[in-house]
Amino acid sequence: MRNFLDRLGYKLSELMYGRYGVDAFTSFLVVVALVAMFVEILVPSGFLSLASLALLVYAFWRTCSKNASGRAAENRRYEELVRKTKAQVNLMYKRWKNRKTTVYFKCKGCGQVLSVPKGKGTLRVVCPKCRTEVRKKS
Ligand SMILES: [Zn+2]
């Protein structure tokens, strides 16, 4: 039995040699597919089971792909999207937490979110990113 498992492991590693493997984007696709399957069980529609099957096939195809640079580029785009989304959620949380003490606004030059304390009159603000000067009533 042990010999059989050793040979199976060897054959599997031989099969996956040169293939891309699992990354964060593939894991995300599998999780979304599992959630869709679970929702399909609760609210049967037929569409979600097809969508989850398609996601699983796509995840499997990515794992077995030999185009590692293409898959890595997809994974980088996915991770960049996750990073931007997390940054936006953190900013929303910070704005909500400090809403009584701080005024948030966007720089007219570059779109960077800036903040000034509330109740300090009109302040001169210089954007740290693009050096645009703004007068802001706080
Ligand atoms: Zn700026």
In the P(r) worked out for the chain, what percent of Cα pairs fall beyond 17 Å?
75 percent
What number does the stretch 98-138 give for Rg over Rh if you use C-alpha atoms and the Kirkwood radius?
0.95
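How high is the FRET efficiency from M16 to R83, r the C-beta distance, R0 30 Å, rounded to 0.05? It would help to have the intermediate numbers written out before the result.
Details: r = 29 Å, r/R0 = 0.96.
Efficiency at R0 = 30 Å is approximately 0.55.
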Could you give the dipole magnitude of the chain about its Cα centre, charging the beta-carbon of Lys and Arg +1 and that of Asp and Glu -1, in debye to the nearest 20?
1500 debye
For the chain, Cys with no neighbouring Cys Cβ under 4.7 Å:
C64
Using 1/(1 + (r/R0)^6) with R0 = 41 angstrom and r between the beta carbons of A73 and C130, what's the FRET efficiency to the nearest 0.05?
0.90
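Mean residue ellipticity at 222 nm from the helices of the chain, using -39,500 (n - 2.57) per DSSP H segment of n ≥ 4 over the full residue count, to the nearest 500 deg cm²/dmol?
Details: 4 runs with 82 residues, N = 138.
Per the formula, -20500 deg cm²/dmol.
Which order do peptides 41-50, 22-31 fall in by mean Cβ count within 10 Å, highest first? Let's see the in-between values first.
Numbers: 41-50: 10.9, 22-31: 16.0.
Answer by packing, highest mean first, reads 22-31, 41-50.
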In degrees, nearest 10, range 0 to 90: what is the angle between the Cα axis of helix 68-97 and the longest Cα principal axis of the chain?
40 degrees
Between T122 and V31, what is the label-to-label distance in nm when each label sits 7 Å out along the Cα-to-Cβ direction?
4.9 nm
Heavy-atom accessible area per residue, the chain, 1.4 Å probe: how many Å²?
77 Å²
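Ignoring any ligand, DNA or RNA, what whole percent of the accessible area of the chain comes from carbon and sulfur when the probe is 1.4 angstrom? Provide the component values of the computation, followed by the final result.
Values: 6650 of 10570 Å².
That fraction is 63 percent.
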Projected label distance in nm at A54 and R99, using a 7 Å step from Cα toward the beta-carbon
3.8 nm
Using alpha carbon centers only, the stretch 99-126 is separated from the stretch 32-46 by a whole-angstrom value of 45 Å
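The values are calculated or read from the model by the stated rules, or taken from the named source; none is laboratory data. Treat the numbers as computed from the prediction; the structure is a model and nothing was measured. Glycine gets a Cβ as well: all are built from the backbone with ideal geometry, and neighbour counts include every protein chain shown. What goes into the accessible areas is simple: the full protein's heavy atoms, side chains included, and nothing from ligands, DNA or RNA. Shrake-Rupley method; radii C 1.70, N 1.55, O 1.52, S 1.80 Å.
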